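Below is one structure; the comments refer to it alone.
Nothing in this text is a laboratory measurement; each read-out follows from the coordinates by a stated rule. Keep in mind the model is a prediction, meaning the values are calculated, not measured. Virtual Cβ from ideal backbone geometry, glycine too; neighbours counted across all protein chains shown.
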Amino acid sequence: MPTVNYVSFDGQSTQLELAEGMTIMQGAVMNGVEGIEGECSGSCACATCHCYVDDAWLAKLPEMSENEDEMLDDTASERKPNSRLSCQIKASAELDGIVIHMPEEQE
Amino acid sequence: MFRFNPYSPEIDADPFPAYATLRAEYPCFWSEDAEMWVLSRHKDIVMALNDWETFSSAKGNLVNELPGRAGSTLGTTDPPRHDRLRALIQKAVTKRALAHLMAPAQSVAQKHLEALKGRDQFDFVAEFSSKYTVDLIVYLFDLPPADLEIVRDKAVMMVQTDPVTRQKGPEHLAAYEWMREYAANLVQERKKNPGEDLLSQFILSEIDGDKLKDEEILLTVTTLIMAGIESLSGFMTMLIKNITDHPEVREALVANPELIPDAIEESLRFNTSAQRFRRCVMKETTLHGQTMKPGDFVILAYGSGNRDEEVFPNADVYDLSRKPKGHLGFGGGVHACLGTAIARLACKVAVEELLKAFPNLSKVDQELRWMPSTNFRSPLELQVKA
């Protein structure tokens, strides 16, 4: 199973193995990793699963939808070039080892 | 021989011993009584919730599905259409978008508590949670103020199941038909005179330039009213049951109301009202040595996953300091409850105001009558002492 590394705002790292196809957001929420809320359960209708994707994986990510792009304009913490919604990124062999940095706040 | 019968009044009253056996001995169990599989471990339920391609909701999500609902509500539609539909409503019910609900919730709670002043004992369900939740939904959906008690009675009736015939009885189906009709009138009226309310926004929505299907609008509105009224008051009743069953918890909340959200989260874990939902197997799947075939239905027992010791140590203890993460009190995956922010806000305000008005609130010894339902669990009446 692909692993995902979640790095909290204060630098703490949590490594999880997620089933293929599970989103990075669901992995965090269901395993109690703090820093990702996922209020809309992954329907891309809030921005509380905002994350910063480590640059090494950015190019491998699926393209951002128009809707995700719009939602990212409404994040609680600053939007950066590597900002994504973690509900739109699924764990996969290609993204094995991906590093996700959590923002300071989600609401 | 172990059986798991979700129709039995014993399971309505206390499913937890049976859940413990399921988790320990039969983690993928074929229930002959339900004619469905039952998944009971937290890990397996999370897996199923996150794999909608294998465990679909499109054939219905209620253990005893109501006629015509499958495929026509948010909860019974799979991605990607589900996500588009959900996003239309979700934006209006995020925590941030609901700040406007706080003041009306407080004044509605205060109004109904004022009416209970001077009473020694009252029924929390009939005299508080029902009235409070109906008023909140009326506000959110801008419902016409007539006959609200009937709306409430029908919402409670339509989620029930007949324990003897093991299906929806005529009274349950009649309640559902009544609610459909009520929703249909409401939809017609909103189409003519749209307002700023949540329902108007949804009714007027389009996906990729297409209007939503009439049946989709009608049944989603029906479900939102059902959930907003029945599910919310059912959970709130369980929350107050926990608080009065544990006087030390009540004292802690009175002393420090900031702990109320912790009590809500632990109640969602400990004995959520949404005990069981259903999925349909789409691909042959083998789990714990059992093979589930395409077309088989599967019960996901959230209430059991929430007592799984692998995830929640001392799971049978109500622990205010637990702050549980990853509980299944609102389900999970893409179909996790739409109204989480409404529920958390409504419950927080209700408990704050209730404990201000009745800081010594305590339980009354009584044999609880539980709602007969294969999905939901809450008492029909909860007497409390002021």
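Can you work out D for the range B:9-385 in µm² s⁻¹ from Stokes-Einstein, where Rh is the Kirkwood radius over C-alpha pairs, the temperature is 25 °C and the viscosity is 0.890 mPa s?
The calculation lands on 116 µm²/s.
Sort out for me the Cα centre separation of the range A:1-54 from the range B:281-298, rounded to whole Å.
Computed from Cα coordinates, the inter-centre distance equals 28 Å.
Looking at the protein assembly as shown, what % of its DSSP beta bridges pair antiparallel, to the nearest 5?
Values: 35 of 43 bridges.
Beta bridges within the protein assembly as shown, antiparallel portion: roughly 80 percent.
Of A:H50, B:H42, how do they rank once you tally other Cβ atoms within 10 Å and put the fewest first?
Lowest to highest Cβ neighbour count: B:H42, A:H50.
Work out from phi, with θ = phi - 60° and the Karplus expression 6.51 cos²θ - 1.76 cosθ + 1.60, the ³J(HN,Hα) of each residue of the range B:82-97, listed in order in whole Hz, and give x for Gly and Pro.
3, 5, 5, 4, 5, 4, 4, 8, 4, 4, 7, 10, 7, 3, 5, 6
Applying 1/(1 + (r/R0)^6) with R0 = 30 Å to the Cβ-Cβ distance of B:L287 and B:Q167, what FRET efficiency is obtained, to the nearest 0.05?
Computed FRET efficiency for B:L287 and B:Q167: 0.65.
Measuring from centroid to centroid over Cα atoms, what is the spacing of the range B:59-104 and the range B:339-382 in Å?
Taking the Cα centre of the range B:339-382 as reference, the centre of the range B:59-104 is 23 Å away.
Using each residue's phi in the range B:118-123, evaluate 6.51 cos²θ - 1.76 cosθ + 1.60 at θ = phi - 60° and report the 3J(HN,Hα) Karplus result to the nearest Hz, with x for Gly and Pro.
The phi angles translate into x, 7, 7, 8, 8, 8 Hz.
Work out the length of the dipole vector of the range B:9-385 about its Cα centre, built from +1 on the beta-carbon of each Lys and Arg and -1 on the beta-carbon of each Asp and Glu, and round it to the nearest 20 debye. Could the numbers behind the result be given before it?
Values: 44 positive and 55 negative charges, 159 e Å.
Value, rounded to 20: 760 debye.
Residues with beta-carbon under 13 Å from that of A:C46, excluding A:C46: net charge, scoring Lys, Arg +1 and Asp, Glu -1?
My count for the surroundings of A:C46 gives -4.
Identify which of B:G228, B:G75, B:G118 has the largest mean-square fluctuation in a Gaussian network model of chain B, with springs joining Cα atoms closer than 10 Å.
With Cα springs under 10 Å in chain B, the top fluctuation among B:G228, B:G75, B:G118 is at B:G118.
What list do you get for B:F141, B:F16 if you sort them by fewest beta carbons within 10 Å?
B:F16, B:F141
Thinking of the protein assembly as shown as a set of Cα atoms, what percent of all their pairs are more than 42 Å apart?
14
Percent antiparallel among DSSP beta bridges with both residues in the range A:3-101, to the nearest 5?
75
Report the Cα-based extents of chain A along its three principal axes, largest first, to the nearest Å.
32, 28, 25 Å, listed from the longest principal axis down.
For A:E78 paired with B:F2, estimate the spin-label separation in nm (one decimal), with each label point 7 Å from Cα along the Cα-to-Cβ line.
In this crude label model, A:E78 to B:F2 measures out at 5.5 nm.
Stretched out fully, how many nm does the piece from B:A24 to B:A115 gain, at 0.36 nm a residue minus the Cα gap? All intermediate terms of the calculation are to be shown ahead of the outcome.
Working: separation 91, 0.36 × 91 = 32.76 nm, distance 4.80 nm.
Between B:A24 and B:A115, full extension yields 28.0 nm more.
Starting from the Cα gyration tensor of the range A:30-80, multiply each eigenvalue by 5, take the square root, and state the resulting semi-axes largest first in whole Å.
17, 15, 12
Check the straight Cα-Cα distances from B:K59 and name the lysines below 18 Å, setting aside those fewer than 8 residues away within the same chain.
The reachable lysines, counting only those whose Cα sits under 18 Å from B:K59, are B:K168, B:K213, B:K283, B:K293.
Cα-based Rg (one decimal) and Dmax (whole number) for the range B:72-168, in Å?
That works out to 17.4, 54 Å for Rg and Dmax.
Going by Cα centres, the range A:59-107 and the range B:151-214 are how many Å apart?
Comparing the Cα centres of the range A:59-107 and the range B:151-214, I get a distance of 36 Å.
Please give the charge dipole size of the protein assembly as shown, origin at the Cα centre, charges +1 on K and R Cβ atoms and -1 on D and E Cβ atoms. Round to the nearest 20 debye.
760
What list of ³J(HN,Hα) values in whole Hz, one per residue of the range B:303-312 in order, does the Karplus curve 6.51 cos²θ - 1.76 cosθ + 1.60 (θ = phi - 60°) give from phi, with Gly and Pro shown as x?
Along the range B:303-312, the couplings run x, 7, x, 6, 10, 6, 4, 4, 10, 10 Hz.
Tell me which residues come under 5 Å, amide H to amide H, from B:Q383 once H is placed; ignore anything under 5 positions away on its chain.
When sequence neighbours closer than 5 places are left aside, the close amide H contacts are B:F124.
Using only helices, what value at 222 nm comes out for the protein assembly as shown when you add -39,500 (n - 2.57) per DSSP H run of length 4 or more and divide by the total residues, to the nearest 500 deg cm²/dmol?
Rounded to the nearest 500, it is -11000 deg cm²/dmol.
List the relative contact order of chain B as a percent without decimals, with contacts defined as Cα pairs under 8 Å and 6+ residues apart.
28
Given R₀ = 56 Å, FRET efficiency for B:A126-A:E94 by Cβ-Cβ distance, to 0.05?
Numbers: r = 56 Å, r/R0 = 1.01.
For B:A126 and A:E94, the calculated efficiency is 0.50.
Modelled label-to-label distance, A:S13 and B:K192, 7 Å Cα→beta-carbon offset: nm?
Those two pseudo-labels are separated by 6.5 nm.
Within straight cross-link reach of B:K325, meaning Cα distance under 20 Å, which lysines are found once same-chain residues fewer than 8 apart are removed?
Correct list for B:K325: B:K43, B:K95, B:K348.
Only four residue types carry charge here, +1 at the Cβ of Lys and Arg and -1 at the Cβ of Asp and Glu. Report the dipole size of the range A:3-101 about the Cα centre in Debye, rounded to the nearest 20.
Details: 5 positive and 18 negative charges, 39 e Å.
With only Lys, Arg, Asp and Glu charged at Cβ, the dipole is about 180 debye.
For each of B:T286, B:T340, B:T374, count neighbouring Cβ atoms within 10 Å of the residue's Cβ, then give the residues from fewest to most.
Numbers: B:T286 9, B:T340 19, B:T374 27.
The order, fewest Cβ neighbours first, is B:T286, B:T340, B:T374.
Pick out, from B:P379, B:I229, B:V159, the residue whose Cα sits farthest towards the positive end of the charge dipole of the range B:9-385, with +1 on the Cβ of Lys and Arg and -1 on the Cβ of Asp and Glu.
So the residue we want is B:I229.
Please compute the average number of Cβ atoms from other chains found within 10 Å of each residue's Cβ in peptide B:319-325.
Mean inter-chain Cβ contacts per residue within 10 Å come to 1.
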